[in-house]
């Protein structure tokens, strides 16, 4: 049997070198494409993203990634959004005004807010934080299936996605008293706010599960 | 309590990992990739690669070392030394770096901070400051790996750099560097109180007590260590265990 194949979209934003190395380390072959592929050419889709929401979505639109992601989601094959690639899955982003996202997950991307009484809240949230599971068994058959609640992942962000349907929340973390959406899921579409490619062995476990789902 | 990051700092000269005292008298330790991979496997939170002679020779040699490292190391990597332009930064970020650290070129032309931040985001820009205590009080920023005076006052410089878009400060005390006598706590606490971006304490870690002091008294957000790891005085696991015992909020590796 040939190795699973992951297509990483390169729409000109951000550093994809480490994402690609992590995919390879997870036992898949990686295809980094600077021209938008057709949905039927893609086995597993990885949607990266960094920077401001609007700038990232503009780059995705020019490239064709928004239409591709919508079409690909319908195939039932696995899609993983990372960081702003996860935020892009939502309907609306609120960074520097309101902007349309891809719309695969109903809800909005909002700035992290300090918990009541916290006057020393710092953004961006940079660093390692433990992944919390909303309820036992929630991670079964998701890309987080081999992670143990409480294991740490690496985050760099100031915004997070808030799904309308609380069932779409796959994982949370807590940053300085503030509840943070760490991962979302809707059927075959998963998004992680943290960087699995920078989260050590825990991140690689998540990549492996994605690659072999 | 704020989460604290433990960072391995690897100073590099040519193909070698090196270590000095006060950033001078450099000794060859070994192959940087071997050490970076070992620290990753032992559970370090981040890696810093610093090319110590890049500014001097006007070059950056780290791309190849970086690309190899990225095959084996899956935690954030910061690279500094000889970054003079947006293009230099792009090359490093495309080769597996998550952040670039800049010092000499930023002092020569502070707008470089904004240019890199606008292109790649503030989170990718680490201002590296080499601070030397002054007899008159305060600290002067040095360049070229602690070789040259800049005439810039550190307190003033870091505030300007934050406004220009630096996302993080790597604050190295030249006085403490390589001495194993602890961080410059006065420097750390002076700076941490002035900026709202994360501050990485660097230079002088000889024990976990030093780490605790940097965090509790110096209000550092992260601690960079070199000598203590390179000379195998402590393993990362030992450092983690002792830091946890001292109530430091750090990543737990096994649960």
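Here are the numbers for this structure:
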{"item": "Any chance residue A:132 is farther than 25 Å from residue A:52 by Cα, surrounded by fewer than 18 Cβ atoms within 10 Å (Cβ to Cβ) and more than 14 Å from chain B (Cβ to nearest Cβ)", "result": "no"}
{"item": "Selected residue (only one of B:160, B:177 is within 22 Å of residue B:99 (Cα to Cα) and touching a residue at least 24 places away in the same chain (Cβ under 8 Å))", "result": "B:160"}
{"item": "Filtered residues of segment B:1-23 (kept if touching a helix residue (DSSP H, G or I) at 6+ places or on another chain (Cβ under 9 Å) and within 14 Å of chain A (Cβ to nearest Cβ))", "result": "B:1, B:2, B:4, B:6, B:8"}
{"item": "Residues located in segment B:115-141, provided they are over 12 Å from residue B:102 (Cα atoms) and in a strand (DSSP E or B)", "result": "B:131, B:132, B:133, B:139, B:140, B:141"}
{"item": "Filter result for residue A:154 (within 27 Å of residue B:125 (Cβ to Cβ) and at pLDDT 95 or above)", "result": "yes"}
{"item": "Flag for residue A:45 being touching a helix residue (DSSP H, G or I) at 6+ places or on another chain (Cβ under 7 Å) and buried (at least 23 other Cβ atoms within 10 Å of the Cβ)", "result": "yes"}
{"item": "Qualifying positions in segment B:206-232 - more than 15 Å from residue B:9 (Cα to Cα) and either away from chain A (no Cβ under 14 Å) or free of Cβ contacts under 8 Å to residues at least 60 places away in the same chain (or both)", "result": "B:207, B:208, B:209, B:210, B:212, B:213, B:214, B:216, B:217, B:218, B:219"}
{"item": "Filtered residue count, segment A:27-49, keeping only those that are farther than 13 Å from residue A:83 by Cβ, within 14 Å of chain B (Cβ to nearest Cβ), touching a strand residue (DSSP E or B) at 6+ places or on another chain (Cβ under 6 Å) and assigned to a loop (DSSP other than H, G, I, E, B)", "result": "0"}
{"item": "The lone exception for residue B:166 - which of (1) in a loop (DSSP other than H, G, I, E, B); (2) within 14 Å of chain A (Cβ to nearest Cβ); (3) surrounded by fewer than 24 Cβ atoms within 10 Å (Cβ to Cβ) it fails", "result": "(3)"}
{"item": "Any hit, segment A:3-26, residues being surrounded by 24 or more Cβ atoms within 10 Å (Cβ to Cβ) and part of a strand (DSSP E or B)", "result": "yes"}
{"item": "Matching option when the condition is within 14 Å of chain B (Cβ to nearest Cβ) and closer than 23 Å to residue A:110 by Cα, among A:52, A:69", "result": "A:52"}
{"item": "Spans of strands (runs of 3 or more DSSP E) in segment B:24-96 with at least 2 residues within 13 Å of chain A (Cβ to nearest Cβ) and buried (at least 21 other Cβ atoms within 10 Å of the Cβ)", "result": "B:46-51, B:77-80"}
{"item": "Complete set of residues in segment A:157-213 that are surrounded by fewer than 24 Cβ atoms within 10 Å (Cβ to Cβ), part of a loop (DSSP other than H, G, I, E, B) and at negative phi", "result": "A:158, A:164, A:165, A:188, A:212, A:213"}
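For (1) under 24 Å from residue A:83 (Cα atoms); (2) in contact with a strand residue (DSSP E or B) (Cβ under 7 Å, 6 or more places away or on another chain); (3) within 14 Å of another protein chain (Cβ to nearest Cβ), each residue gets a yes or a no:
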| site | (1), (2), (3) |
| --- | --- |
| B:115 | yes, no, no |
| B:136 | no, no, no |
| B:179 | no, yes, no |
| B:186 | no, no, no |
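The values are calculated or read from the model by the stated rules, or taken from the named source; none is laboratory data. Remember, predicted model here, so these are calculated numbers, not experimental data. FYI the Cβ positions are ideal-geometry reconstructions off the backbone, even for glycines, and counts take in every protein chain you see.
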